[in-house]
1. Could you check which residue among Ser246, Ser294, Ser176 shows the biggest mean-square fluctuation in a GNM of the chain with a 10 Å Cα cutoff?
2. Summing +1 for each Lys or Arg and -1 for each Asp or Glu, what net charge is found among the other residues whose Cβ lies under 15 Å from the Cβ of Ile94?
3. At a 1.4 Å probe, what is the % contribution of carbon and sulfur to the accessible area of the stretch 85-140?
4. Which of rounded, prolate, oblate describes the stretch 116-216, given a ≥ b ≥ c as roots of the alpha-carbon gyration tensor eigenvalues and a/c under 1.5 marking rounded, otherwise prolate only if a/b is larger than b/c?
5. Take the Cβ-Cβ distance between Asn166 and Glu221 as r, set R0 to 45 Å, and report the resulting FRET efficiency rounded to the nearest 0.05.
6. What's the longest uninterrupted piece of the chain once you rule out the GluC sites (Glu not before Pro) that are loop residues per DSSP with at most 12 other Cβ within 10 Å?
7. Ratio to report: Rg/Rh of the stretch 242-306, with Cα atoms as the point set and Rh obtained by the Kirkwood method; give two decimals.
8. If DNA, RNA and ligands are ignored and the probe is 1.4 Å, what is the ranking of Val259, Val101, Val53 by accessible area, most exposed first?
Amino acid sequence: MPNCEKNPEGSGILCINKPSGFTSHDVVNKIRRLYNTKKVGHTGTLDPMATGVLILLVGRAVKASEYLMSQKKSYVAGLKLGITSDTEDISGQILTKSENVPPKDEVFAACDKFVGEIMQIPPMYSALKVNGKKLVDIARSGEVIEREARPITVHKLEVECVNEKNGEYLLSVECSKGTYIRTLCADIGASLGCGGVMSSLERRENCGFSINHAHTLEEIEALDAESRKDLLIPIEKAFFDYKKLSLAPFYANLAKNGVKLFASKVSPAAQLGEKFALYEDDKFFAVAEAVLNSDGESVIRVMKQF
């Protein structure tokens, strides 16, 4: 977990506890206004009904988006068995109902089969684009199109029975990027033969930041401009699992100008594929990786400067 120090600059990472009823874009727009900048992005959408961790990138931190979106996430979701809906959650139009909800032992056994690398078909009601159009927009026009199943990974899936008779459960899920919890709930219900929908969703962790780091929109809105800046977490904290590599000014200048550095000169123990957070005089300026050059020698190549 990253150390969430304050950042006096106007760029950094902002961990939001998104309220239900807000789209991710609603939150982005609100933060743009509060921080008086158009440079605000997020690292993965949350459904409007969902709550919890939404990581926003402010100012030059938006450059880090592509590196953060691939990190695993954790959720607590409600699963309601015995119904299906067009959106795969409780807010959608109910399509089927079943009284044949299996006992909890069968539910637990079914959930065990969804741990590991599995294939998942993205839901129609999602922001995923097909031929330049969002699936959700196609779905709202009344059309359903074929979607290809994609590999996802469920690292951990714990199940708690809330009400066995009513088919109500809580799922604690750790998963990879691209996992749709709504679809996971629907697929579990389908495997049991009774159907299922997601009845609630809270994202507890994303990009290494937990709900304990998150601020509500009301908290941020109540602060003055300087205090809001203090909430921004330095960009380098996003790369807490990268190896820190401090460079002398000579090598730092080469790296900033796109020159690949011989690993033997700056990090002799570098392993192929290893990721680095580069610093000069304790100031973070880039992320890099160890690769082989055309001569087969190990070099440190800058991936992105900040």
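1. It is Ser294.
2. -1
3. Ligands and nucleic acids excluded, carbon and sulfur reach 49 percent.
4. Oblate is the answer for the stretch 116-216, as a/c is 1.5 or above yet b/c matches or exceeds a/b.
5. 0.75
6. 149-296
7. Checking Rg against Rh, the ratio lands at 0.92.
8. The ordering from most to least exposed comes out as Val259, Val101, Val53.
The values are calculated or read from the model by the stated rules, or taken from the named source; none is laboratory data. Quick caveat, the model's predicted, so the values are computed rather than measured. Neighbour counts run over all protein chains shown; Cβ positions are idealised from the backbone, glycine included. Side chains are part of the model used for accessible areas, which takes the heavy atoms of the whole protein and leaves out ligands, DNA and RNA. Shrake-Rupley method; radii C 1.70, N 1.55, O 1.52, S 1.80 Å.
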